[in-house]
Amino acid sequence: MKKATLPILLLFVFSCSIKAQSFSIQHVYPIETSHSYINFLATYMGYAKVRGSFGNFYGTIYYHPDDVSQTSVSFQIDVESINTNNNWRDRDLKSGNWFLEEEYPHIKFISTDIQKIDNGLQVTGNLTIKETTKSITFNIAPALGIITDIRDDYQVIFTGETSINRKEYGVMGKNWSQVKEGIAALADEVKIEFSLLGKQINEGNFSNFLRNPKSPHGSIFAAYKTNGLSGALNQFEALKGDMENLSANALNMVAYMLMKQDKDQDALAIMERNLEEFPEDGNVYDSLGELYAKMGKLKNAKEFYQKSLSLDPDNLNAVEVLKHLE
């Protein structure tokens, strides 16, 4: 399921050639931004360190615990969320002096190779800023494996860093590139630091999203528990009549809960009804792709992920999964 609540920022993808028969939806971990960060550091006047971060991003990690060559992760950051703890500086960074955020709202990285090294993993890929793409390499710390948190959700964590030359990507900052006494006001090199936590939300925790019977998805799930599939679909029809702006998320959340309970056929019926109602919603196709992948129907899964990506080119979950289904 593509995380609809996650804003769009910087895209990082760590990947390699994967055979479809080795694919498992159980290896897919959506990035949880509340426990992740993407920071940067630049040197001012030769000595001072100016730090900043990007607050809004989303993405997906594909983690195979037994084969590092099948590990990959993708995320995208929204330039608009840049934060250096100085409002004037942040506005300047988003302006044409630097990122020109209105025209180039996202930064992307797509990996091309991942290798195991003595102190972790080495990732090479293509970083795109302001439509300029260059290959970079960076190191990430060894993965700790799959960790079960206090809510019994599964998570994986990747932490690493790299450095880039901002001017190679057209991030010029002309007013801050002057040299005085042999020192540039702001160094060309920028260090990037990140920690990404991918999480699979399991049944117990996911049920919390459906507890409120006054919410659309909560009321539909309550109807399912009382009257089964027909009750859930009837409640959806009733909500359609009462709510002007009922979204695809209402049925989607219920279907995901049923997937986590291994009630795949009921989940499929609900998702197919959702598709009838919202045929232009890329997230609906993404969710159907995930369900078919869970059911082992990889050809169907690939078709729905491809359709989702055609409707929403920024759906990084589909981008990531399709790399492993090729």
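The values are calculated or read from the model by the stated rules, or taken from the named source; none is laboratory data. Just so you know, these numbers come straight off a predicted model, no measurement behind them. Glycine gets a Cβ as well: all are built from the backbone with ideal geometry, and neighbour counts include every protein chain shown.
Scanning the stretch 117-135 for residues that are assigned to a strand (DSSP E or B) and either surrounded by fewer than 18 Cβ atoms within 10 Å (Cβ to Cβ) or of a type in the set (S, T, N, Q) (or both) gives ILE117, GLY120, GLN122, THR124, ASN126, THR128, THR132, THR133, LYS134, SER135. So which residues in the stretch 37-51 are modelled with pLDDT of 95 or more and either buried (at least 19 other Cβ atoms within 10 Å of the Cβ) or under 26 Å from ASP286 (Cα atoms) (or both)? Of everything in the stretch 37-51, those that are modelled with pLDDT of 95 or more and either buried (at least 19 other Cβ atoms within 10 Å of the Cβ) or under 26 Å from ASP286 (Cα atoms) (or both) turn out to be TYR37, ILE38, PHE40. With respect to the conditions (1) polar (S, T, N, Q); (2) assigned by TED's automatic domain parsing to the domain that holds SER72; (3) at pLDDT 90 or above; (4) out of contact with any His (no Cβ under 9 Å at 6 or more places or on another chain), GLN178 falls short on a single one, namely (3). Return yes or no: is VAL190 surrounded by 13 or more Cβ atoms within 10 Å (Cβ to Cβ), hydrophobic (A, V, I, L, M, F, W, C), touching a His at 6+ places or on another chain (Cβ under 9 Å) and not in a loop (DSSP other than H, G, I, E, B)? No, not satisfied.
When residues of the stretch 75-106 are filtered for being assigned to a strand (DSSP E or B), modelled with pLDDT of 95 or more and within 18 Å of the chain's Cα centre (by Cα), how many remain?
First pass over the stretch 75-106, keeping only residues assigned to a strand (DSSP E or B): 75-78, 82-83, 106.
Subset that is modelled with pLDDT of 95 or more: 78, 82-83, 106.
Next, from what is left, pick out any that are within 18 Å of the chain's Cα centre (by Cα): 78, 82, 106.
Of the residues in that region, 3 qualify.
In the set (1) at pLDDT 90 or above; (2) over 25 Å from PHE57 (Cα atoms), GLN200 fails one condition alone, (2).
If we scan the stretch 290-308, do we find a residue that is charged (D, E, K, R), in contact with a helix residue (DSSP H, G or I) (Cβ under 7 Å, 6 or more places away or on another chain) and not in a helix (DSSP H, G or I)? Looking for residues that are charged (D, E, K, R), in contact with a helix residue (DSSP H, G or I) (Cβ under 7 Å, 6 or more places away or on another chain) and not in a helix (DSSP H, G or I), one finds none in the stretch 290-308, hence no.
To keep it simple, each residue is scored yes or no on (1) among the hydroxyl-bearing types (Ser, Thr, Tyr); (2) surrounded by 15 or more Cβ atoms within 10 Å (Cβ to Cβ); (3) more than 20 Å from VAL28 (Cβ to Cβ).
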position: GLY231; (1), (2), (3): no, yes, yes
position: MET243; (1), (2), (3): no, no, yes
position: LEU246; (1), (2), (3): no, yes, yes
position: VAL254; (1), (2), (3): no, yes, yes
position: MET259; (1), (2), (3): no, yes, no
position: ALA267; (1), (2), (3): no, yes, no
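Could we say that ASP314 is modelled with pLDDT under 95 and farther than 21 Å from VAL28 by Cα here? Taking the combined requirement at face value, the residue does not satisfy it.
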